1. Less than 16 Å apart at the alpha-carbon level, and either on another chain or at least 8 residues along: which lysines does that give for K25?
2. If Lys and Arg each add +1 and Asp and Glu each add -1, what is the summed charge of the other residues whose beta carbon sits under 11 Å from the beta carbon of L132?
3. Can you give the alpha-carbon Rg of the range 1-51 over 2.2 N^0.38 Å, where N counts its residues?
4. Full-extension gain between N16 and D29, please, as 0.36 nm times their residue separation minus the C-alpha to C-alpha distance.
5. Would you mind checking the tilt of helix 84-97 against the longest principal axis of the Cα atoms of the chain, expressed as 0 to 90 degrees and rounded to 10?
6. Relative to the first principal axis of the alpha-carbon coordinates of the chain, what is the inclination of helix 135-144, with its axis defined by its Cα atoms, in degrees from 0 to 90 and to the nearest 10?
7. Angle between the Cα long axis of helix 152-161 and the longest principal axis of the chain, 0 to 90 degrees, nearest 10?
8. Aspartates and glutamates near K143 by alpha-carbon distance under 16 Å, same-chain residues fewer than 8 away left out - which ones?
Amino acid sequence: MSRNKYPEETVTLILNVAEKLFLEKGYDDTSIQDIINGLGGLSKGAVYHHFKSKEDIFNAVGDRYNQPILASMKKVRDNPALTGFEKLKKMFELSLTETDYDIVYNVSPNMLDNPKLLALQIREIFDTVAPLYIQPVIEDGIKDGSIQTEYPRELAEVMILLTNIWINPLVVETDTQTKINRVFFFNSLLKNMGIDLLDEKMLNDFVQFCQIPPRSSE
């Protein structure tokens, strides 16, 4: 068999087909074979040459989806005109306004039923999101006096763990009021630390996210 001369095109094709299927059927109801069947004759070996599993494909689709959001967050992080607190607030605003939660919620699996995906998400929090995006702006806030804490790394990790895991209904689905209570507790926790992060609009956006109907179980 001849070597694939255009690996990037192959990867793009796999991700395009997988994304379409995830949107139509959801992650759990999409199989590797479904993806292969949509590739117009591309072999199973070609798929596994680029991706070890369906989880890897899903994460690659997610990474591609998140690229514009991360680009926006980098601009905020590197903006010298903003204080650390202003950067932190803006980043949370972007996470709420630039993410289509209806799509994410319907496509993604329940993380507790997919522990490998949950582990990868937790790893991303500790390896990427907290140290590269949140911790630097907290440290900027310490320097300019807009944030007071002796633990920038720990604060960054806790903030992202709470929002991406504890408040995230993709990890543990619960009733709407419990989700809303968690948001307001998170906001109260930050206020007690002197970080008045969530304004009324952001709280309303969080509450709206909490009111997305739970996915029906088969």
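Rule-based calculations on the coordinates, nothing more; no lab input. These figures come from a predicted structure and were not determined experimentally. Note that we place each Cβ from the backbone using ideal geometry, even for glycine, and neighbour counts take in every protein chain shown.
1. Those lysines meeting the cut-off are K54.
2. Numbers: positive: K74, R77; negative: E124, D127.
Value of the local net charge: 0.
3. Details: Rg = 11.0 Å, N = 51, 2.2 N^0.38 = 9.8 Å.
Cα Rg divided by the expected 2.2 N^0.38 Å: 1.12.
4. Numbers: separation 13, 0.36 × 13 = 4.68 nm, distance 1.69 nm.
Here the answer is 3.0 nm.
5. Tilt of helix 84-97: around 40 degrees.
6. Long axis of 135-144 versus the principal axis of the chain: about 20 degrees.
7. 50 degrees
8. Those aspartates and glutamates meeting the cut-off are D78, E86.
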